[in-house]
Amino acid sequence: MPGLLTSGEALIEKAALLKKDPWFLPPEMIAKNTKDCLSVGIICGHAMAIKGIVEIYQKQLKDSVVIILGGNYFFVKDILQDYQFINDLIFTGLNILWTLNEGEE
């Protein structure tokens with residue numbers, strides 16, 4: 001699945017009359033203007049896609065912990081409150097591997 005920003009930018013690129021505005025989750029889920037509709041659709045659409053994928057995996061992996069990471073997690077973290085968010089998990093893991101392998105050649 002393409003990322004949130006990639007999907008949103010592709011939509012705006014293909015629709016001549018849409019402007020690229022910063023996305024945010026508006027206070028009302030039923031939006032009343034184009035900018036808010038795009039934000040709700042892009043952010044909630046991705047959040048629900050993530051939730052659906054996680055539900056499929058959890059049927060097979062009972063009692064699993066879900067950790068969401070990546071630079072754009074902040075867009076969906078308020079919607080997906082049941083999941084853990086660790087923004088720098090990849091870099092933490094790479095740092096651990098670097099430290100464990102330091103000095104080996």
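Placing unit charges on each Cβ (+1 for Lys and Arg, -1 for Asp and Glu) gives the range 4-101 a dipole about its Cα centre, and among 24, 93, 37 the Cα reaching farthest toward its positive end belongs to 37.
Note on Cα extents along the principal axes in Å: of the candidates (1) 57, 34, 23; (2) 49, 38, 24; (3) 39, 31, 25, the value calculated from this structure sits at (1). What angle, in degrees between 0 and 90 and rounded to the nearest 10, separates the Cα long axis of helix 4-14 from the longest principal axis of the Cα atoms of the chain? On a 0 to 90 degree scale, this one is about 40.
The listed peptides 55-61, 44-50, ordered by packing as a protection proxy, come out as 44-50, 55-61 (highest mean of other Cβ atoms within 10 Å first).
Cα centroid separation, the range 2-29 to the range 80-101: 28 Å. With 31 Å as the limit, the listed pairs 14/59; 19/59; 35/59; 20/77; 35/62 have 14/59; 19/59; 35/59; 35/62 beyond it between alpha carbons. Relative to the longest principal axis of the Cα atoms of the chain, helix 34-60 runs at roughly 40 degrees. Taking the Cα centre of the range 4-101 as reference, the dipole from Cβ charges on Lys and Arg (+1) and Asp and Glu (-1) amounts to some 200 debye.
Extension gain, residue 64 to residue 29, is 9.6 nm, computed as 0.36 nm per intervening residue step minus the present C-alpha separation. Treating r as the C-beta distance of residue 55 and residue 89 and R0 as 22 Å, the FRET efficiency rounds to 0.50.
We did not get these values from a lab; they are worked out from the coordinates using the rules stated. All values reported here derive from a predicted model rather than from experimental measurement. Cβ atoms come from the backbone with ideal geometry, glycine included; neighbour counts cover every protein chain shown.
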